[in-house]
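The values are calculated or read from the model by the stated rules, or taken from the named source; none is laboratory data. Bear in mind that the values here come from a model prediction, so they are computed numbers and not experimental data. As a convention, Cβ positions derive from the backbone with ideal geometry for all residues, glycine included, and neighbour counts pool all protein chains shown.
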Amino acid sequence: MKQTVIVLLPLLALSCAEPSKPRPAAHHPPKITHFYTTANPVPRGSAATLCYGTDNATEVALAPYDDTLKPALNRCLSVTPTRPTEYTLTAKGLGGQVQQTIKLDVGAPATSAAVLITNFTVIGSSKVAPGTRVQFCYSTRPEVVSVSVAPPASVHLRPGSNQCFVAPIPRTTTLILNAEDRNGNADRMQVTVSVGQ
């Protein structure tokens, strides 16, 4: 009768073999996939948008910047520099760290267009007989400090809502209403009155 010990010995030898150790995972270095601004230079007093993307990063920091950032494939944030500023983005990970820098220039203040005057219209018909006195009405935003019209009318114009004035129209005329706010931003709007027989 054969002994089963002979059959079991190879199995015991296999079960006592030392298990293989897994290789340590390689740490990939972090990457900044993109870092850009949507406007350069940025008008003085205006905000600019900075966008960034990272890969294999565990930490992200922007200097100068007061808030905490997180790694992201694509994220945008707002900054308002008061002078030309270098922004440095740093991405850190288990494989090291990487940096990129953008210099953001500051230009002249932005001017407002078509935002200070909300309405400028002719009351009644826009086609009149020569010499007819025509009424015009307009509205401006609260920040407006001065209003004028060209050709000049013999009335004092004031900022505000639903303001009106009357001017004689001897011939076909285009009136241009001008408005300015306390920061020097300007706006204009025009209407035309046709003169017929």
Original post:
Taking region 41-69, which residues are outside any strand (DSSP E or B), touching a strand residue (DSSP E or B) at 6+ places or on another chain (Cβ under 6 Å) and under 25 Å from residue 83 (Cα atoms)?
Top reply: 41, 44, 47
Original post:
Does at least one position in region 147-156 carry a residue that is modelled with pLDDT of 90 or more, more than 30 Å from residue 39 (Cα to Cα), crowded, with 16+ Cβ neighbours inside 10 Å and not assigned by TED's automatic domain parsing to the domain that holds residue 40?
Top reply: yes
Original post:
Which condition number in (1) surrounded by 13 or more Cβ atoms within 10 Å (Cβ to Cβ); (2) modelled with pLDDT of 90 or more is the one that residue 172 fails?
Top reply: (2)
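The rows are residues; the columns are (1) touching a Cys at 6+ places or on another chain (Cβ under 8 Å); (2) in contact (Cβ under 8 Å) with a residue 24 or more places away in the chain; (3) within 30 Å of residue 195 (Cβ to Cβ).
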{"residue": "55", "(1), (2), (3)": "no, yes, no"}
{"residue": "65", "(1), (2), (3)": "no, no, no"}
{"residue": "69", "(1), (2), (3)": "no, no, no"}
{"residue": "81", "(1), (2), (3)": "no, yes, no"}
{"residue": "86", "(1), (2), (3)": "no, no, no"}
{"residue": "115", "(1), (2), (3)": "no, yes, no"}
{"residue": "128", "(1), (2), (3)": "no, yes, yes"}
{"residue": "145", "(1), (2), (3)": "no, yes, no"}
{"residue": "148", "(1), (2), (3)": "no, yes, yes"}
Original post:
Somewhere in region 21-31, is a residue exposed (fewer than 13 other Cβ atoms within 10 Å of the Cβ), modelled with pLDDT of 90 or more and either assigned to a strand (DSSP E or B) or of a type in the set (Lys, Arg) (or both)?
Top reply: no
Subject >> Identity of the residue in region 102-114, of a type in the set (Val, Ile, Thr) and surrounded by 13 or more Cβ atoms within 10 Å (Cβ to Cβ), that ends up modelled with the lowest pLDDT >> reply: 106
Original post:
Is region 31-48 home to any residue that is of a type outside the set (Val, Ile, Thr) and over 18 Å from residue 104 (Cβ atoms)?
Top reply: yes
**OP:** Tell me the strands (runs of 3 or more DSSP E) entirely within region 73-133 that contain at least 2 residues that are closer than 27 Å to residue 145 by Cα and in contact with a Leu (Cβ under 8 Å, 6 or more places away or on another chain).
**Re:** 117-123
Original post:
Can you spot a residue in region 177-184 that is farther than 15 Å from residue 119 by Cα, more than 35 Å from the chain's Cα centre (by Cα) and either outside the structural domain of residue 44 (by TED's automatic domain parsing) or polar (S, T, N, Q) (or both)?
Top reply: no
Original post:
Does region 120-137 contain any residue that is of a type in the set (S, T, N, Q) and within 30 Å of residue 47 (Cβ to Cβ)?
Top reply: no
